[in-house]
1. Could the peptides 68-79, 20-31 be put in order, highest first, of the mean number of other beta-carbon atoms found within 10 Å of their residues?
2. On average, how much accessible surface per residue is there in the chain, in Å², for a 1.4 Å probe, leaving out ligands, DNA and RNA?
3. What FRET efficiency comes out for the pair PHE71/GLN51, r = Cβ-Cβ distance, R0 = 25 Å, nearest 0.05?
4. Compute the relative contact order of the chain as a whole-number percentage, counting only Cα pairs closer than 8 Å that sit 6 or more residues apart in sequence.
5. How much net charge surrounds ALA50 when only the other residues with a Cβ under 12 Å from the Cβ of ALA50 are counted, with Lys and Arg +1 and Asp and Glu -1?
6. Enumerate the calculated ³J(HN,Hα) couplings along region 70-80 in order (Karplus 6.51 cos²θ - 1.76 cosθ + 1.60, θ = phi - 60°), each rounded to whole Hz, writing x wherever the residue is Gly or Pro.
7. Given that compact globular proteins tend to follow 2.2 N^0.38 Å, what is the ratio of the alpha-carbon Rg of the chain to that value?
8. In whole percent, how big is the carbon plus sulfur part of the accessible area of the chain, probe 1.4 Å, protein atoms only?
Amino acid sequence: IYDRAGNLWKTFIISQAHPDHHLPANKGSGVSIDDCVTMIDVQAQQCITAQFKGQAQFTDADRNAPSPRDFTTQNMREQAK
């Protein structure tokens, strides 16, 4: 993030966990889980960190989640037409 003068002000990092190594409810979901965030204020030389435990929630319709093949370049080009 840059300030109005165009100088670097803040940067942040979002860490993700593999669902099979997170909360038991997330195991097998195939959804990456945001696990923590770090916001670094470069100008003030301060940082804030937060850790959280998100849980993927699914309905029966979600069980038909997309497969990795759905995210291939070729498939996305075909779907965009």
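The values are calculated or read from the model by the stated rules, or taken from the named source; none is laboratory data. Small disclaimer: the values here were computed from a predicted structure and weren't measured. Neighbour counts run over all protein chains shown; Cβ positions are idealised from the backbone, glycine included. Accessible surface is based on the protein model in full, side chains and every heavy atom, while ligands, DNA and RNA are left aside. Shrake-Rupley method; radii C 1.70, N 1.55, O 1.52, S 1.80 Å.
1. Top of the packing list down: 20-31, 68-79.
2. Ligands and nucleic acids excluded, the result is 83 Å² per residue.
3. The pair PHE71/GLN51 has a calculated efficiency of 0.30.
4. 22
5. -1
6. 4, 9, 6, 4, 4, 5, 5, 5, 5, 6, 6
7. Cα-based Rg divided by the globular estimate yields 1.56.
8. Carbon with sulfur: 52 percent of the solvent-accessible area.
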